[in-house]
Structure formats: structure tokens, C-alpha cells
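Undergrad: Below you will find the structure I want to go over with you.
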Amino acid sequence: MLWEPGEEAWEAKLAALRSYRRAMRHLAPRQDAVWGEGEAMVPVGQHMANLRRKGGLGKDPERAAVRAAQLTEIDPDWNCPWPLNWQRHYRVLADLVDADGQLPDIAPGVLMDSDDIGKWLQQKQPATWAQLLPEQQERLSHLGITPAEMPSPAPAAKDATKGPSKAQQAFQRGMAALAQWVEREGDRPVPRGHSEEIAVNGEAEPVTVKLGAWVSNTKSRRDKLT
């Protein structure tokens with residue numbers, strides 16, 4: 001007799017996630033990832049995406065707290081404040097450091113678990129590095145990954161007493177949002193109505209960028225770009 005069918009399904013889901021974590025050393029699967037054998041295949045990627053959503057652990061606060069604790073026991077980073085793609089790439093590199101004591105040189109095009117880790121390491125570029133959360137920067141630094149040096153600034157005009165214009169700020173935010181989209185979605189085109197939330201230095205809350213409109217407008221004005 002099943003007193004709580006919902007709880008039995010939850011325990012089965014936890015078992016699959018534990019198995020995945022033991023094998024892959026992270027709980028950051030791609031959204032289309034499945035795990036198991038034969039008819040017991042479990043869509044762990046979709047499960048994790050659902051669990052990380054607001055209210056994904058259920059409407060009962062007590063039950064949600066218990067389930068969150070169970071997931072944290074499996075992997076403390078299951079609900080990290082950054083995209084799961086970033087967490088998965090980071091764990092691949094962390095495992096390399098654990099195994100070899102240091103991070104080897106990895107060029108763009110080098111695939112690990114089907115991820116282009118070399119290309120991902122381009123986030124060492126100053127503009128991309130600045131968009132990372134402090135904890136992300138700290139984790140990468142522990143692996144020996146540090147931001148590339150900023151190029152020497154061009155001599156400023158004598159009357160350049162003001163900071164970036166609103167148009168320049170908007171362009172940089174669009175670039176940051178696009179970089180975040182590509183990191184998460186790859187080469188998939190940005191839908192026209194899509195908006196992206198990004199972290200901006202000096203802002204307490206994430207800033208929403210209408211990325212689809214920005215990409216479209218930038219393409220139409222490409223001949224006017226510097």
C-alpha cells in the first residue's frame with residue numbers, strides 16, 4: 001500500500017540525482033540530460049530545471065525546506081545563483097585540478113563532456129570577468145584562472161570629463177546579456193521578445209535587458225557602429 005505516492009516519486013527522483021552526482025561529480029546537467037538504464041531512464045536535466053524554479057519544491061513550506069535540505073546534502077551547489085551551464089563547466093575544471101594539482105592549458109575547441117571548455121575559458125576577458133559574481137571569480141581564482149590584463153587605455157580627450165554615455169552603457173549591457181545568452185544557449189538565435197537579467201556593478205538587483213530587441217536593433221545599425 002502506498003500511503004504517499006507523491007513521496008515515493010520524490011524518493012525515486014532523489015535516488016536518480018544521487019546516482020548522477022556520484023558519477024558526474026556535479027548536479028548541473030544539461031536540460032535535456034537523462035540518466036539511468038532502459039525503462040528506468042530519468043530526465044535529470046528537466047528535473048533540476050524544475051526544482052530550481054520559484055516554487056519548484058512545492059507549495060508546502062515545511063516540505064519544501066526538507067526537500068531543499070535533501071538536495072543540499074547531495075550537492076551544496078544544486079541551487080547556485082548562476083546558470084547550471086557555468087557550474088557544470090567549473091566542476092569539469094575543478095576535477096582536472098583535483099586530479100593533476102594544476103590546470104593544464106586548454107585551447108578553444110577542446111571538448112570535455114561535449115562542452116567546449118577552451119571557449120568557455122574566454123570569460124577571462126576583463127569585460128566578461130567583470131560580469132561574474134564575486135563568488136564565481138573567487139572559485140575560478142582558486143583554480144588558477146585569473147582575468148586577462150586590461151589593454152592600455154587610449155589617451156583621453158582633454159574635455160572627456162564625463163563617464164560613459166547612456167548609449168555606451170546600454171551597449172555594454174547588451175553585450176553582457178548576449179554573452180550570458182551564448183554561454184547558456186550556445187548558437188541558438190535570440191527570440192525577438194526575449195529579455196535577459198544580468199548583474200551590473202553598482203546595482204543591488206539584476207538589470208533586465210530586452211536582448212531580442214537589442215540584437216535586432218544592433219544588426220540594423222551595424223553600419224553606424226564604431
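Undergrad: How many residues does segment 176-225 contain that are in a helix (DSSP H, G or I) and open to solvent by 100 Å² or more (accessible area, probe 1.4 Å)?
TA: Of the residues in segment 176-225, the ones in a helix (DSSP H, G or I) are 176-185, 211-220, 222-224.
Filter again for open to solvent by 100 Å² or more (accessible area, probe 1.4 Å), leaving 219, 222-224.
The qualifying residues number 4.
Undergrad: Okay, moving on. Among the candidates LEU103, LEU57, LEU111, LEU132, single out the residue that is modelled with pLDDT of 85 or more and either surrounded by fewer than 17 Cβ atoms within 10 Å (Cβ to Cβ) or basic (Lys, Arg) (or both).
TA: LEU111
Undergrad: Among the residues of segment 13-36, is there at least one that is modelled with pLDDT under 85, open to solvent by 60 Å² or more (accessible area, probe 1.4 Å) and of a type outside the set (Val, Ile, Thr)?
TA: Checking segment 13-36: not a single residue is modelled with pLDDT under 85, open to solvent by 60 Å² or more (accessible area, probe 1.4 Å) and of a type outside the set (Val, Ile, Thr).
Undergrad: Moving to a separate point now. Of the residues ALA49, ALA28, ALA40, only one is among the hydrophobic types (A, V, I, L, M, F, W, C) and over 21 Å from ARG184 (Cα atoms); which?
TA: Values: ALA49 fails: over 21 Å from ARG184 (Cα atoms); ALA28 fails: over 21 Å from ARG184 (Cα atoms).
Criteria check complete, one pass: ALA40.
Undergrad: Moving on. Name every residue in segment 135-147 that is touching a residue at least 40 places away in the same chain (Cβ under 8 Å) and buried (at least 17 other Cβ atoms within 10 Å of the Cβ), in order of residue number.
TA: Of everything in segment 135-147, those that are touching a residue at least 40 places away in the same chain (Cβ under 8 Å) and buried (at least 17 other Cβ atoms within 10 Å of the Cβ) turn out to be GLN136, ARG139, LEU140, ILE145.
Undergrad: Something else: Which pairs turn up if I take residues in segment 200-226 that are under 23 Å from GLU185 (Cα atoms) and look for partners that are open to solvent by 100 Å² or more (accessible area, probe 1.4 Å) and part of a loop (DSSP other than H, G, I, E, B) with beta carbon separation below 6 Å, at least 6 apart in sequence or on another chain?
TA: Close Cβ pairs satisfying both conditions: GLY212/ARG192.
Undergrad: Could you list all residues from segment 60-100 that are open to solvent by 30 Å² or more (accessible area, probe 1.4 Å) and either in contact with a strand residue (DSSP E or B) (Cβ under 7 Å, 6 or more places away or on another chain) or among the basic types (Lys, Arg) (or both)?
TA: Within segment 60-100, ARG63, ARG67, ARG91 meet the criteria.
Undergrad: Quickly run through segment 78-112 and pick out the residues that are charged (D, E, K, R) and in contact (Cβ under 8 Å) with a residue 40 or more places away in the chain. Full working, then the answer.
TA: As a first pass, look at segment 78-112 and keep what is charged (D, E, K, R): 88, 91, 95, 98, 100, 105.
Across segment 78-112, the qualifying residues are ARG88, ARG91, ASP95.
Undergrad: Could you figure out which of (1) at pLDDT below 80; (2) open to solvent by 50 Å² or more (accessible area, probe 1.4 Å); (3) not charged (D, E, K, R) isn't true of GLN172?
TA: (1)
Undergrad: Being open to solvent by 80 Å² or more (accessible area, probe 1.4 Å) and within 22 Å of ALA199 (Cβ to Cβ): is that true of GLN125 here?
TA: yes
The values are calculated or read from the model by the stated rules, or taken from the named source; none is laboratory data. Quick caveat: nothing in here was measured; it's all calculated off a predicted structure. Positions of Cβ are backbone-derived with ideal geometry, glycine not excepted, and every protein chain shown enters the neighbour counts. These area figures cover heavy atoms from the full protein model, side chains too; ligands, DNA and RNA do not enter into them. Shrake-Rupley method; radii C 1.70, N 1.55, O 1.52, S 1.80 Å.
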